Amino acid sequence: MKVWARLEAYYKEHEHLRVPISDTKLGSAVHDIRSRNNFLWHADFKAWLDERGFVYDARRAHLEDEVWPKFMAYYKDHKHLRVPQSDPELGRVVTNIRNKNYFLWHEDFKAWLDERGFIYDPHRAHLEDEVWPKFMAYYKDHEHLRVPQSDPKLGMIVCHIRNRNNFLWLYERGFKMHATNARKNAERWAALNEPPLAPGDPSY
């Protein structure tokens, strides 16, 4: 009766039973209901839960109680799902979705992500979530992409672009493959149109 009374109060306040595990009054109780079937031998209590859409599957509950609400809040605030890996609430989650397909077995959740343009490719996501916004901000402030390697946000990135040919969209923005030598800049951009070198090639 203590558990039921608390659940009734929770439902009255929130109009749902998506109780997060972190809830100090009900987190342990809903976990035990899902993992041990606690209290479900009381038919009237189970019927009450069923009528209010209680989720018995622990993985589905974790999605609905913890993960999806954070995504919806992020989308509401930012109008996109380009969540940086540094985000304290969703950074690790989006990494696991991209690398381990977490939660994608829930077709409705995947459809929700698809409708909002979620990027599943981790390399593309890194570009759009972490790299590109920094370049756009720099270009907006300076009207060029002559980024010094000493720049705290972009220095390492421009070094990698020049040495590893990453993120070739920068060509259209006038990015310099060599910061000071126009001939070397042109040569390096031209070299990108040639077939990549293979390990063992003397020039590799």
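The values are calculated or read from the model by the stated rules, or taken from the named source; none is laboratory data. If you're wondering where the values come from, they're calculated on a predicted model, not measured in any experiment. Note that we place each Cβ from the backbone using ideal geometry, even for glycine, and neighbour counts take in every protein chain shown.
Couple of notes before you dig in:
- Only one of 143, 130 that is of a type outside the set (A, V, I, L, M, F, W, C), outside the structural domain of residue 67 (by TED's automatic domain parsing) and on the phi > 0 side of the Ramachandran plot: 143
- A single entry from 77, 23 fulfils the requirement of being modelled with pLDDT of 95 or more and under 25 Å from residue 94 (Cβ atoms): 77.
- Looking across the stretch 46-73, the residues that are under 17 Å from residue 12 (Cα atoms) and not in a helix (DSSP H, G or I) come down to 52, 53, 54.
- Within the set 55, 3, 93, the sole residue that is in contact (Cβ under 8 Å) with a residue 12 or more places away in the chain, closer than 30 Å to residue 127 by Cα and either in contact with a Ser or Thr (Cβ under 6 Å, 6 or more places away or on another chain) or of a type in the set (A, V, I, L, M) (or both) turns out to be 93.
- Residue that is surrounded by 15 or more Cβ atoms within 10 Å (Cβ to Cβ) and over 30 Å from residue 134 (Cα atoms), where the choices are 83, 30: 30
- The stretch 8-39: number of residues that are more than 20 Å from residue 68 (Cβ to Cβ), part of a helix (DSSP H, G or I) and in contact (Cβ under 8 Å) with a residue 24 or more places away in the chain: 1
- Conditions (1) over 17 Å from residue 70 (Cβ atoms); (2) touching a His at 6+ places or on another chain (Cβ under 8 Å); number of the one not met by residue 100: (2)
- For the stretch 88-114, a residue qualifies if it is among the aromatic types (Phe, Trp, Tyr) and in contact with a Phe, Trp or Tyr (Cβ under 6 Å, 6 or more places away or on another chain), and the qualifying residues are 103, 109.
- Taking the stretch 77-143 and the helices (runs of 4 or more DSSP H) fully enclosed by it, the elements with 3 or more residues that are over 20 Å from residue 157 (Cα atoms) are at 91-100, 107-115.
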